[in-house]
Structure formats: structure tokens, C-alpha cells
1. Condition test on Ala373, is it part of a helix (DSSP H, G or I), assigned by TED's automatic domain parsing to the domain that holds Gly226, farther than 30 Å from His189 by Cβ and out of contact with any Lys or Arg (no Cβ under 9 Å at 6 or more places or on another chain)?
2. In the stretch 163-179, what residues are crowded, with 19+ Cβ neighbours inside 10 Å and not in a helix (DSSP H, G or I)?
3. Looking at the stretch 302-320 only, could you name the residues that are open to solvent by 20 Å² or more (accessible area, probe 1.4 Å) and in contact (Cβ under 8 Å) with a residue 12 or more places away in the chain?
4. Can you confirm whether the stretch 289-296 contains a residue that is aromatic (Phe, Trp, Tyr) and surrounded by fewer than 18 Cβ atoms within 10 Å (Cβ to Cβ)?
5. Given the conditions (1) within 16 Å of ligand 1 (Cβ to nearest atom); (2) in contact (Cβ under 8 Å) with a residue 60 or more places away in the chain, and given that Asp173 satisfies all but one, which numbered condition is not satisfied?
6. Just for strands (runs of 3 or more DSSP E) wholly inside the stretch 1-77: which have at least 3 residues that are open to solvent by 20 Å² or more (accessible area, probe 1.4 Å) and either farther than 25 Å from Val233 by Cα or within 16 Å of ligand 2 (Cβ to nearest atom) (or both)?
7. Residues of the stretch 341-351 being farther than 18 Å from Leu278 by Cβ and out of contact with any Lys or Arg (no Cβ under 9 Å at 6 or more places or on another chain), which ones?
8. Would you pick out the residues in the stretch 186-210 that are of a type in the set (D, E, K, R) and within 23 Å of the chain's Cα centre (by Cα)?
Amino acid sequence: MGYRILETEDVAGYLRERGHWDLSDAEVREVSDGNMNRVFLASSKDGTRSLAVKQALPWVRVAGPSWPMSPERADAEARAYERVAAVAPDKIPVIHGYDPENYALVMEDMSDLEVLRTVLNEGAPYGPDTSARIGEFVAQLSFTTSDFGLASADRKALIAASVSPELCEITEDVVLSEPYIEHEHNHWHPELDDLAAEFRADARLRTEVADLRHVFMTSAQALLHGDLHTGSVMVGVREGAPVIRVFDPEFSFVGPIGFDLGLYWANTLVSQARAAALGAESDHADQLRLSWEAFEAEFRRLWPTRVDTFFDDAYLDRFLARVWTESIGFAGTEIVRRIIGFAHLTDLTTLPDPVPASRRALLLGRELIVGRAELTSPEDVEALLH
Ligand code: SR1
Ligand code: MG
């Protein structure tokens, strides 16, 4: 294994050794929640100082050693945080240090905030700002790491430094192929047997997913977060002002911008399916539009700063239209995999009866994939929801 796997009892000493603080003792608890890594929170006894430690294990945490995974994903995460810190520091946690020998990040304790998915599952709204901030986040990260924001040679260096084969392969498998074939990772509610079989037999759907998969594999547009679902966003209020923190960019690589937008959109649409199933009033159906509008506005705001003016204004329109269409397609694939593939969403699994909402979401996902060329505006998507 070659590195030190931290346990709860090691964390206080580790923070001391790394020079993060001089406390002789601290209260430490493990708060691991995601599929991949371990996270610890350490705080001083008087509660005035606290830090989070995130460490990549040499396997997928929820699967255990039977699914080995290089801990170098933590390098990708640290690199992504560094990039975002330069352009959107208010939208990520403060990073206090990265230890590449032990694949451990020491960062801001965000335990006063809540995971967006959890908040939504409890019935709260997104609120007026959340999706706009996410759209801005994607625009700021993607513009500044694209050929519009970086000189050609710097871009090539970024692409080379950000290559992340194992993590990309997870996405190519669990999101962009496995749900459409027989695979041991796939599972679903037994009352979805018919739709799962129909999706596996749907040649047109498969070709469209193949097209999106190839875009994911080849379209090196910009540095992505790579896993921008509502479980990768913390929200809350600090000193009376709304706070948002996008975290967990370990799937980061240089890929198609629409993958980040599409993942977020899929998760907003699934949250909407949950609210509708519960008969709850919600603002969830607006979030795709709000994030797209903020993304587009911020990208257009940055456009005059582009480093290569051979890309003219008409090209910007064409480029954004392509990003839109690909985002819609990727949103469809994320919805489908979250219901009949690997890594399901609590939005649906915790419903008293997950079946009707899951069926509707699956059909919506398929429509987004196969009909993406005809869906040219947020209103077109909204019409599908009704
Ligand atoms: C094996 S990892 C499965 C999923 O968890 C991560 O959060 C990504 O979404 C990945 O697809
Ligand atoms: Mg994650």
C-alpha cells in the first residue's frame, strides 16, 4: 500500500505532525459519507478551532478492497481546488494543505453547513442563489481553463497534468455504458424490471449514449469538477449571508463542460421528481434554467477577456449551443444511472414508494438523451416535466 491510512485516533497527532496546530489533544470523529473516501473532523476541546481531514483509500470506500482504486485521485482533487481557488475562491472550502505522500487534504471544517441533497430531501427549497452560484462556478472554472482563458501551450500542460484515467473510467463505465448492458454493478427496484430491460434493448438509446460517451472521452474543453451532483455542494448561512461550497472534485479532468452542468441538472430534476411524488410545492423545476442562465451570463461576461480573438462572437454562440445540447444529454445519462445503474440517490430511495417517481425520471432521462437536439431551451425541458 505504501502510505499511512489514518484512523480516528491518528488524526490529532497527524495534524500536529503536519504543523496544522499544536493541540496536545482534540476531539476527532469520522464523518465519511461519499462513495470513495474517508473524512474526519477534528476540533479543539473548547470548540474554537476545527479542521477536516479527507484521505483517499486505495479502494472505493463503499465497496472495500474488492474494488481497488488508486489514491492518486486525491492529487486530482488538490489540483482542482488550486485552480478553482484562483478564480472562484468563495465557492470552495479553504484548503489548508495537501499531503501527497499520504493522499490527505486538510481543509475547512464545513460541519456548520449542510449537504444540498440532504436539505432538499428534508423539503427545503434551493433558494434564490444556489443554482446561480453553481452556474457561475462552472463558467468561472471552465472559461479560465479552456482555450479561451489559457494560452495554447498552457492548456496542453493543463491537459497533460490533469489526465485521470482511473476516475474517468469509472464514469465511462458506471454513467456512460453499464446501465445499458447487463452488468453486476447495476441494480434497480424489481418493479422497474421492464424499463431496465427496455433500456438495454433500445438500440437508438445506446447509440446516443455512445455518442455522449465519446464526447466525454475526447472533448478536452476545460477542467471539470467531474462529479457535480447535489451531494457535492454544501449550503448554509454564515454571519447572515448565504454560503455555498462546492467540494469533492476528485473526478476532475479536462473534459466537456456539459458534463458538469448535466450532472447538476440531473440531480435537480431528480429532486423535483421527489418533491412531485410527495405532492410538495417546490422551486426545483426552476433550477436548470437558473444555473444555465448564470453559466451563460458569466461565460459571456468573461468572453471579452479571451486570449485568442480568432474565436469570434458568432463562434461563442455556436459553442454555447453545443455545451447546452451536450449538458442535456449528460443530464439524461446521470438520471438513468442513478436509478438502474450504480450509486442510487436518496432523493428517490427514501420515498415511501420510489417506483412511480423513478419510472417518470427514467423516461425523462431517456428523452433528454435521445431528444437533446430538439430541446433547445430550459422551457423545452420544463415542458417535458409537465
Ligand atoms: C465507484 S464510484 C460511484 C460514484 O460515486 C462518485 O460519487 C461518482 O458519482 C461515481 O460515479
Ligand atoms: Mg464525491
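1. no
2. Ser164, Leu176 - these are the residues of the stretch 163-179 that are crowded, with 19+ Cβ neighbours inside 10 Å and not in a helix (DSSP H, G or I).
3. Passing the criteria: Leu302, Thr305, Arg306, Val307, Asp308, Phe311.
4. Keep residues of the stretch 289-296 that are aromatic (Phe, Trp, Tyr), which gives 292, 295.
Of the ones still in play, those that are also surrounded by fewer than 18 Cβ atoms within 10 Å (Cβ to Cβ) are none.
No: zero hits.
5. The number of the failed condition is (2).
6. 64-68
7. Narrowing the stretch 341-351 to residues farther than 18 Å from Leu278 by Cβ: 341-343.
Correct list: Gly341, Phe342.
8. Matches in the stretch 186-210: Glu208 only.
The values are calculated or read from the model by the stated rules, or taken from the named source; none is laboratory data. On a predicted model such as this, the values are computed, not experimentally measured, just so you know. With ideal geometry, Cβ positions are generated from the backbone for all residues, glycine too; neighbour counts draw on all protein chains shown. SASA here: full protein model, heavy atoms, side chains in, ligands and nucleic acids out. Shrake-Rupley method; radii C 1.70, N 1.55, O 1.52, S 1.80 Å.
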